[in-house]
Every structure is written in structure tokens, then in C-alpha cells.
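Okay, structure first, notes after.
The values are calculated or read from the model by the stated rules, or taken from the named source; none is laboratory data. All figures in this text were calculated on a predicted structure; none of them were measured in a lab. Reconstructed Cβ throughout: ideal geometry from the backbone, glycine too, with neighbour counts over all protein chains shown.
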Amino acid sequence: MAIKLAHVGHGSFVSLEHTGRVLTSQSAKVQKLVREQKINGTVIDLTNGRRTTAVVPLDNGQLVLVAVQAKKLRAQGLLIDLADFKRSAPTR
């Protein structure tokens, strides 16, 4: 059983089994949802200090904030198999 992942930028991946959609962070409803979830402590910030451009809701109620555009996340080329992913050594 292969696990499908989506690259969300800056070396971070999100499992596609736990995501259903990608939201843009520009709408007022999504911004309000993010503010409420930050108060509850259920937000995972993967932006690395950059501006949030997309929000990925997980099936457990958490929100993942990413700096990659939503249309890039929806592209099919971002799907990879966990078996094919090899962690590279950090470079300094």
C-alpha cells in the first residue's frame, strides 16, 4: 500500500489520505476559521515565515497553513509515493 503525499513547500509534505481539499486563504470565511483554530491550537504552520497562500484542512479538524499557491497543490505533478521518496542529507 503506497502512501500518497503532496509537497507543500520548504521540504514539507502532507498525506493525501487525510486531506480532501485545498482552500485559498484570501476569503474572509477562511481567515476567520484560521483565527479561531489558532486560538484552539489546532493549526499547523508550514509557511516558514512566509505569507500564507493556501489552507489545507485535515480530516481530524486541524488546519495546515502553507506558502505554496493552491493551484500548484491541486496539480497532479505534486503527488509522490512514499516508497520513492528518499530523504537527502542536510547541506550546510
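I need a count of the residues in segment 33-52 that are touching a helix residue (DSSP H, G or I) at 6+ places or on another chain (Cβ under 7 Å) and either on the phi > 0 side of the Ramachandran plot or of a type in the set (Ser, Thr, Tyr) (or both). Of the residues in segment 33-52, 0 are touching a helix residue (DSSP H, G or I) at 6+ places or on another chain (Cβ under 7 Å) and either on the phi > 0 side of the Ramachandran plot or of a type in the set (Ser, Thr, Tyr) (or both). When the residues of segment 3-35 are narrowed to those that are of a type in the set (Lys, Arg) and not in a strand (DSSP E or B), which ends up modelled with the lowest pLDDT? So, considering only residues that are of a type in the set (Lys, Arg) and not in a strand (DSSP E or B), the one modelled with the lowest pLDDT is ARG21.
Of the residues making up segment 36-56, those that are touching a residue at least 12 places away in the same chain (Cβ under 8 Å), in a loop (DSSP other than H, G, I, E, B) and either exposed (fewer than 11 other Cβ atoms within 10 Å of the Cβ) or among the charged types (D, E, K, R) (or both) number 2. The residues in segment 1-12 that are within 15 Å of THR47 (Cβ to Cβ), in contact (Cβ under 8 Å) with a residue 40 or more places away in the chain and surrounded by fewer than 18 Cβ atoms within 10 Å (Cβ to Cβ) can be counted, and the count is 2.
It is to be established whether one or more residues within segment 62-72 are at pLDDT 85 or above, part of a helix (DSSP H, G or I) and more than 15 Å from HIS10 (Cα to Cα). No, because not a single residue in segment 62-72 is at pLDDT 85 or above, part of a helix (DSSP H, G or I) and more than 15 Å from HIS10 (Cα to Cα).
Restrict the check to segment 45-58 and report whether at least one residue is out of contact with any strand residue (DSSP E or B) (no Cβ under 7 Å at 6 or more places or on another chain), among the small types (Gly, Ala, Ser) and modelled with pLDDT of 90 or more. Yes: segment 45-58 contains one or more residues that are out of contact with any strand residue (DSSP E or B) (no Cβ under 7 Å at 6 or more places or on another chain), among the small types (Gly, Ala, Ser) and modelled with pLDDT of 90 or more.
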